[in-house]
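The values are calculated or read from the model by the stated rules, or taken from the named source; none is laboratory data. Values in this document were obtained by computation on a predicted structure and should not be read as measured data. To get the accessible areas, we keep the full protein, side chains included, count just its heavy atoms, and leave off ligands, DNA and RNA. Shrake-Rupley method; radii C 1.70, N 1.55, O 1.52, S 1.80 Å.
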Amino acid sequence: MLLFAGLLLGIIAVFKKTAQASYSSHWAILAFGFLYLAVDEATSIHELLHRPTSELLGDYASGIFYYAWVIPGIAFVLLFALTFVKFLLHLHLRTRWLFLVGAILFVGGAIGIEAIGGRYNALHGSDNLTYNMIATLEESLEMAGVIVFIFALLEYIETNYKEVGFHFGNAK
């Protein structure tokens, strides 16, 4: 789903760049961001931040920061939000709200519920039903967020580009 969202964002970015529209670079950054998220989901790159962040935090890498990668994750989300606020405000109200709902669901799962799961894991381990339920909630929120975002992107394309066509191979 993350890959599909990245591809939809890439299509919009190409349309925006071709039309020399404002915020075309924002669409492209989002496209690459979602392509990165797709790769990260498959390879867990973000977890490479766990060890150095844990070592930096020392004894503070516990509780909700047991999965210490959430700290740079929170910093990244805040920086991203500040950088993209003008872009978000230029979108139509419905699209803006759908983007926000999708982001809240995704980030709430990826960072918020992950932090809760980290605290639970630190106290009770991960080989039990409760931890698995927390992990399932985390993944479900992430997927729900991406589904809402894909819906918003498809609706955006439908509203702004009445017809989209793709040609593969030699055009005759």
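May I ask you to give the percent of accessible area on the chain that is carbon plus sulfur, with a probe radius of 1.4 Å?
Roughly 68 percent of what the probe reaches on the chain is carbon or sulfur.
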So what's the back-of-envelope 222 nm ellipticity for the chain, counting only DSSP H runs of four-plus at -39500 (n - 2.57) apiece and dividing by all residues, rounded to 500? -24500 deg cm²/dmol
So the pair-distance distribution of the chain, from every Cα-Cα distance in 10 Å bins, comes to percents of 9, 33, 30, 17, 8, 2, 0
Please calculate how many Å² of accessible area the chain carries per residue, with a 1.4 Å probe and no DNA, RNA or ligand atoms counted. 64
Backbone HN-Hα couplings from phi across the stretch 106-123 [Karplus 6.51/-1.76/1.60, Hz, Gly and Pro as x]: 5, 5, x, x, 5, 10, x, 6, 4, 5, 5, x, x, 4, 5, 4, 4, 8
